[in-house]
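The values are calculated or read from the model by the stated rules, or taken from the named source; none is laboratory data. These numbers come from a predicted model, not from an experiment. Positions of Cβ are generated from backbone atoms using ideal geometry, with glycine treated the same way; all protein chains shown enter the neighbour counts. Only protein heavy atoms, including side chains, enter the accessible area calculation; ligands, DNA and RNA are left aside. Shrake-Rupley method; radii C 1.70, N 1.55, O 1.52, S 1.80 Å.
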Amino acid sequence: MSTGSGADSAPAPTSTHESKTGGTFSSLKIRNYRLFATGAVISNTGTWMSRITQDWLVLSLTGSATAVGITTALQFLPMLLFGLYGGVIADRLPKRQILLVSQAMLGLCGIALAVLTLSGAVEVWHVYLIAFLLGMVTVVDNPARQSFVSEMVGPAQLRNAVSLNSANFQSARLIGPAVAGVLITTVGSGWAFLLNGLSFLAPLVGLLMMRRDELHASVRVPRAKGQLREGLTYVRGRPELIWPIVLVGFVGTFGFNFPIWLTAFADGVFDGGAGMYSFFNILMAAGSLAGALLSARRRATRLRMLVIAGTAFGLLEIAASLSPSVWLFSILLVPIGMLGLTTNITANTSVQMAADPEMRGRVMSLYMMVFVGGTPVGAPIVGWISDTYGARTGFAAGGAISVIAALGVGFALARVGGLRLKVDLRPGRPHVRFVPREQLTTAA
């Protein structure tokens, strides 16, 4: 399922690019990407502040957890409904210009919510509307931002840059909620929204300061009929694209519902309340940050790693669901966060590397639509299982689906690559591995 020798000699289902300059932070040596990353960490911190504050505001206005769920669904629903169209736009137009517009609009949404809140005029429908508008902007912003990374760093540093993007996001996840909590209790929710809106000035300044002559040339796709269908056909005919997207779809839809599970375990299973819920989130974020940094150190993108990480991720979720003590549960959250990010980063990088430049926007829009857009579908299902049969059963179900999906994708990729599963019980040899079919014939 990856390039190499022996068990790794699958011809098609992997892309491997060696970094010319090693190191965990090697892509930060590129000026344009350094500007991008600096702006991103500031705006990501603001985004996490806004997410926490938005949920708290809705709960304060309505007293309803269902209303909080509706807000989340409205923010993710546009990606599910219109995500592929965002990819078409990203392939047609210069991605830097798209980002200048989309980041400005995201900032204006934050400022609008701040004005409504600070003036005391805010109502829950205002929050619903702005959440939906944020989702609509994200439809275009997400594929443009994902595919713009390759224009800044080139193929040699793509894996490292994607990993650092995730590390950037997880670092903000550690800081943003804490800052939001302080602001809500001291000066009020409106100021948290205002700081979020102003935080988008940082990526805008970074984009304007970039040297356009140092960007890697991108392929602009002229406007034409059937480009959406063309993108779907392109992905369907490429196993190295479709199977990672399938796996990310199942893991994202059923395995990443941590707000549901962590809340239920903190409140209903271990009787710890809000403090324990916050502690669980910090552990998850720490594990995710570690996974992102470890991924940044690897110089090769192998689909074998995707299958292994996805399988281990699901197995650890099952183990955590059975944890008899809060301490064992807490310890397991760190590797769960690490393996979850490893799965996402490996899939993201392998898909970007395997896609042709003129198709990358549409491919990444499908990737994000499946990964993010599955939340409105999976969350109610997993929530119903957790409410009906208990939080432990819900968590275990999400892990089991992730394991089944990872193993299924692994066997599909092995089949495409002409590999077969070989069991060898002799001492000193790998007991279970994939080998080329010819090797099995020779051994027989």
Might you check whether a residue that is within 25 Å of GLU358 (Cβ to Cβ) and touching a Pro at 6+ places or on another chain (Cβ under 7 Å) occurs anywhere in the range 43-50? no
Residue that is nearest to ALA396 (Cα to Cα), among those in the range 233-282 that are open to solvent by 40 Å² or more (accessible area, probe 1.4 Å) and of a type in the set (Gly, Ala, Ser): GLY268
With the checklist (1) more than 28 Å from ASN142 (Cβ to Cβ); (2) under 12 Å from the mean Cα position of the chain (by Cα); (3) among the hydroxyl-bearing types (Ser, Thr, Tyr) in hand, flag the one item SER325 doesn't pass. (2)
Tell me, yes or no, whether the range 352-360 has at least one residue that is surrounded by fewer than 18 Cβ atoms within 10 Å (Cβ to Cβ) and part of a loop (DSSP other than H, G, I, E, B). yes
Out of everything in the range 283-295 that is under 16 Å from ASN44 (Cα atoms) and in contact with a Lys or Arg (Cβ under 9 Å, 6 or more places away or on another chain), what residue ends up being surrounded by the most Cβ atoms within 10 Å (Cβ to Cβ)? SER288
Top-ranked residue of the range 96-118 - restricted to ones that are of a type in the set (Val, Ile, Thr) and more than 22 Å from the chain's Cα centre (by Cα), ranked as least open to solvent (accessible area, probe 1.4 Å): THR117
Counted residues in the range 29-53 being at pLDDT below 85 and either farther than 30 Å from THR185 by Cα or open to solvent by less than 20 Å² (accessible area, probe 1.4 Å) (or both) come to 1
Do the conditions hold for ALA396, that is, is it within 21 Å of ARG304 (Cβ to Cβ), open to solvent by less than 30 Å² (accessible area, probe 1.4 Å), part of a helix (DSSP H, G or I) and not acidic (Asp, Glu)? no
Checking ARG415 against (1) touching a residue at least 60 places away in the same chain (Cβ under 8 Å); (2) open to solvent by 20 Å² or more (accessible area, probe 1.4 Å), only one condition comes out false. Which one? (1)
Matching residues in the range 296-309 - criterion: being crowded, with 19+ Cβ neighbours inside 10 Å and modelled with pLDDT of 75 or more: ARG304, MET305, LEU306, VAL307, ALA309
Pull up the range 151-203, narrow it to residues that are β-branched (Val, Ile, Thr) and assigned to a helix (DSSP H, G or I), then point me to the one that is most open to solvent (accessible area, probe 1.4 Å). THR185
Looking at THR138, is it open to solvent by 30 Å² or more (accessible area, probe 1.4 Å), within 29 Å of VAL58 (Cα to Cα) and assigned to a helix (DSSP H, G or I)? yes
